[in-house]
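> I'd like to ask you about the structure that follows.
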Amino acid sequence: MIEYSGLLSLILTIIIGIGFGVLLQKGRFCFTSALRDYVAFKDTRVLYGLLIGIITMMLGTSIAYSLGVSNSHFWIPNYGLSNIIGGFVFGIGMVYGGGCASGTLYRAGEGYLHYWLLLISACAGYVIFASLFSIFFFPYFFTPLQIFEGFSLIESLGQTSVLVPILIILSCVLYLKKKQQLGLITNISKFNISSISINNLQSAWDAKIVGFGMGIFATLWFIVWGTLSVTGPQARWVGLTYSNIIGMEALQENIYWNNVVFSGGNFSISLDMIMLLFLIFGSFISAYFSGDFKIRMIKKNRVQNAIIGGMLMGFGSRMAPGCNISNTFSGLAFLSVSGFVTSLGLVLGVYIATHWMFRKVGCAI
Amino acid sequence: MSKTGNKKFLIRAALLTGLVIGFLIGGTFIYHSISNESNTYEAVIFNTISGTVTIVDPINFNIVTEIPLEISSGQYGAHFNSKLNKLYLIHHGQSEILVLNPQTLEIKYKIPIGENIQHAGIFDEKEEVFFVVSRDTNSLILLNTTSDRIISEIRVQEAPHHVARYDDIAVVTNTKSRTLSFIDINEEKVVKNIRLKSEPLMIVSGHNNKKIFIGTAEVDDKIRKIPARILVLDDILDRIFGRANFRFVEPGEIILESTPHGLAVTKDDKNLLVTIPEMNKLLIIDVKTLEIIKELETGKSPHNIDIDPEGKFAYVTNSGDATVSIIDIQKMEIVTVLETGNGPHNVQFFNIMGESGKSGPNTEARKVIGANFNCGG
């Protein structure tokens, strides 16, 4: 059964899903690239786009929140050392596998079989994690480690929360002005619709513009549904598919599937799950019309990367909990402590894994 | 970035990471050292006419706060599942169980379960199954507490009222047919019905002594005159289920002055506590000798009795004057009487003040659900 609060929400979900897919594909917007390229080559192309996206989302969601969007749309999990460990495992997995939660999806839409295998491995990771949840992760991981109450500065400030992103933006402008590096702001301000042509649309887009667009879409999604996330709805798709294999009763008996993934035993298709499908579809459409779509076979020597990397991402995203999108993108935009802590673990994982992977050639940082 | 710039950047990043990890390790250590000494639960009183919850500090017996519940007025039985950190609220006479978040007291969802369900219900030992009776369909319903789905619906006799459980046997009191139905839970069938002289009402089982206690109504009409009683069935389950070769004998009984309501067996199985609403009394009965050893004056219309997890204090809800009497079980005296909201019904013991950083019997489960995973990320 599909559960949605009206046709308008469903239409908006489809538009937002396609929008995200197109933006991710056109901007090659991958967190692994953003962080790994910075560590290995000091390349800030995607990293700046990511920061612009986070600040845009912060501004957008705080305005929406001030205007009356419910605080239940914030995802603010409890936190503790478990977040660092989960983020670290996820970070290692995404560098080893070659893509983050969102990067995997848009590359899957471009026809890379490597990323389909990575995605399947992550899903297998969710299933194994769920089966180990009540006997290991629940008593020995979450209970002793995830002990602090979740907190988000944006959510806690209520109507005045909008002042926070304004202050951050002003500080950034002043800092960049002082450093005479206002180029990226000028780039955005120079952007005008009349300059858009078919050729422009078909070529890759500037990651900063894409970051800005991601922030806008993430705000719309916040209004329509809640916090932007990828591995959560992914896990629910896995759960529903898995229930067709082993039976619904078995899933209902499992506390992780029944009480965590499908909270309260509500086994149905939700809007975020639909959004996820249209995100892949959006990246496929974008890749197809840009001439980037092609079925690309997986290289033999990369099979282990996809399998091990995917499994680590699956486990890491359940342990943290959350992936790069819900913690680093949405979490930092909400100024959520758990988002910050998980992102720190994730960056640490990326840093170590990048150094290990590039040990022969060396890293810039 | 130059090499010096790189070095500075890395030192700052390492310092920040070290500080955060240090804070988390230190915080975890402090949390676990403090939480071991902390109080583990609060007494949560459900006032179902005013639609509020009164929270009592079970050490100092102070009222901590009173929180509104979003329910319509009526009689509700509250049942806390510590394993899953779930709270069932049964609206007496209705057809649904409300499932609440025990910390926020928000209604999460409703379980349609049967017609005219009775507010009393019990969990099995592992809290995996919940037993509740549906009066209009004459059935005992077994609910899987994880999935909140009905496992089985077993037909008993007319107008079931209350249920008790001992090992894998459930016993249901049927008021209209004046019988007890004995149900083998594994076989999911009634194996015996026993007819009594008068209406059986509430029923409880001992913890380790194979005894079952049933409160029966007083009958005083033209045809019959039967006093209110407490019936004690000793080892009867073994006899009924053929686990011993004893001949079935009449149960022991304690004659009362008026119809009893709430029943509770102390954790050490030594005493049975009984409320007599019409006389505003709590009776303490010696289970061995079946003698009333103490009578305590409660508030008006004492209703249910709930004993704290340590077995030290009994809480009697006085529905007639919106108070709760707290009784020291060992000393057999009333420690204090606290004012509650209107219509206090029953008391549950769990860590409702989760945010205070205290641990509780439900902390483990609360962290998982309260972690707000929602599978969000």
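> Dividing the Cα radius of gyration by the Kirkwood radius, what Rg/Rh value follows for chain A?
Dividing the radius of gyration by the Kirkwood radius yields 0.95.
> Right, here's the next one. Using packing as a proxy for protection, rank B:116-122, A:154-160 so that the peptide with the highest average count of other Cβ atoms within 10 Å comes first.
B:116-122, A:154-160
> So, one more: Just need log10 I(q)/I(0) for the protein assembly as shown at q = 0.07 Å⁻¹, Debye formula, equal scatterers on the alpha-carbon atoms, no solvent, rounded to two decimals.
-0.60
> Return the average number of partner chain Cβ atoms within 10 angstrom of each residue Cβ along peptide A:250-260.
Going residue by residue through A:250-260 and averaging, the value is 4.
> Take A:Met319, A:Met297, A:Met275 and order them by how many other Cβ atoms sit within 10 Å, fewest up front.
In increasing order of surrounding Cβ atoms, one gets A:Met297, A:Met319, A:Met275.
> What dipole magnitude, in Debye to the nearest 20, does the protein assembly as shown give about its Cα centre under +1 on Lys/Arg Cβ and -1 on Asp/Glu Cβ?
4220
> Also, I was wondering about something else. At 15 Å minimum axial length over the Cα atoms and a Kyte-Doolittle cut of -1.0, report the qualifying DSSP H helices in chain A, or say none.
A:7-27, A:45-66, A:81-97, A:113-132, A:163-178, A:207-224, A:231-246, A:271-290, A:303-319, A:337-357
> Right, something else. Under unit Cβ charges (Lys, Arg +1; Asp, Glu -1), what dipole magnitude, rounded to 20 debye, does the stretch B:3-118 have relative to its Cα centre?
1120
> Determine the dipole magnitude for the stretch B:44-370: charges of +1 sit on the beta-carbon of Lys and Arg, -1 on that of Asp and Glu, nothing else is charged, the reference point is the Cα centre, and the result goes in debye to the nearest 20.
In total the dipole reaches around 640 debye.
> What is the order of A:Arg107, B:Arg195, A:Arg318, A:Arg302, fewest Cβ neighbours within 10 Å to most?
B:Arg195, A:Arg302, A:Arg107, A:Arg318
> Return the average number of partner chain Cβ atoms within 10 angstrom of each residue Cβ along peptide A:132-139.
Partner-chain Cβ atoms within 10 Å, mean over residues of A:132-139: 1.
> Which whole number gives the average count of other chain Cβ atoms within 10 Å of the Cβ atoms across peptide A:147-154?
For this peptide, the per-residue mean of nearby foreign Cβ atoms is 3.
> Right, another one. If you find the alpha carbon centre of the stretch B:161-197 and of the stretch A:141-175, how far apart are they in angstrom?
Cα centroid of the stretch B:161-197 versus Cα centroid of the stretch A:141-175: 57 Å apart.
> Given the C-alpha centroids of the stretch A:110-135 and the stretch A:218-292, what is the distance between them in whole angstrom?
That distance is 13 Å.
> Quick one: if you stick a label point 7 Å off each Cα along the C-beta vector at B:Glu333 and B:Ile25, how many nm between them?
5.3
> Mind checking which of B:Asn174, B:Pro112, B:Val20 is farthest towards the positive end of the protein assembly as shown's charge dipole, using Cβ charges of +1 (Lys, Arg) and -1 (Asp, Glu) about the Cα centre?
The Cα lying farthest towards the positive end belongs to B:Val20.
> Starting from the Cα of A:Leu153, step 7 Å along the direction of its Cβ; do the same at B:Asp286; then give the gap between the two resulting points in nm.
6.9
> Can you pick out the pairs among B:Lys126/B:Lys312; A:Lys177/B:Lys8; B:Lys110/B:Lys281; B:Lys108/B:Lys270 whose Cα atoms lie more than 31 Å from each other?
B:Lys110/B:Lys281; B:Lys108/B:Lys270
> In addition: Quick one: net charge around A:Gly211, please, counting Lys, Arg +1 and Asp, Glu -1 for every other residue with C-beta under 13 Å from its C-beta.
+3
> Here's a follow-up. Quick check on the stretch A:216-365: take the gyration tensor over C-alpha atoms, sort the square-rooted eigenvalues as a ≥ b ≥ c, and tell me if it's rounded (a/c under 1.5), prolate or oblate.
It is rounded, given that a/c, with a ≥ b ≥ c, falls under 1.5.
> Which residue, chosen from B:Gly51, B:Asn271, B:Thr298, occupies the Cα position most advanced towards the positive end of the dipole of the stretch B:44-370, where the dipole is computed from +1 (Lys, Arg) and -1 (Asp, Glu) charges on Cβ about the Cα centre?
B:Asn271
> In addition: For Cα pairs less than 8 Å apart in space and 6+ apart in sequence, what is the mean separation divided by the residue count of chain A, i.e. the relative contact order in percent?
Here the relative contact order equals 44 percent.
> Take the Cα atoms of chain B, find their three principal axes, and give me the spread along each one in whole Å, biggest first.
104, 44, 42
> Could you tell me the distance between the Cα centroids of the stretch A:297-365 and the stretch A:1-62, to the nearest Å?
Cα centres, the stretch A:297-365 to the stretch A:1-62: 17 Å.
> Percent relative contact order of the stretch B:115-182, based on C-alpha pairs within less than 8 angstrom and at least six residues apart?
Over the stretch B:115-182, the number comes to 24 percent.
> Using helices alone, I'd like the mean residue ellipticity at 222 nm for the protein assembly as shown: each DSSP H run of four-plus residues gives -39500 (n - 2.57), total over residue count, nearest 500.
-12500 deg cm²/dmol
> Shifting gears a bit: Expressed as a rounded percentage, what relative contact order does the stretch B:1-134 have, with Cα pairs under 8 Å and six or more residues apart?
Dividing the mean separation by the residue count of the stretch B:1-134 yields 12 percent.
Read the figures in this text as sums done on the coordinates, not as results from a lab. Since we're looking at a predicted model, the values are computed, not measured. Note that we place each Cβ from the backbone using ideal geometry, even for glycine, and neighbour counts take in every protein chain shown.
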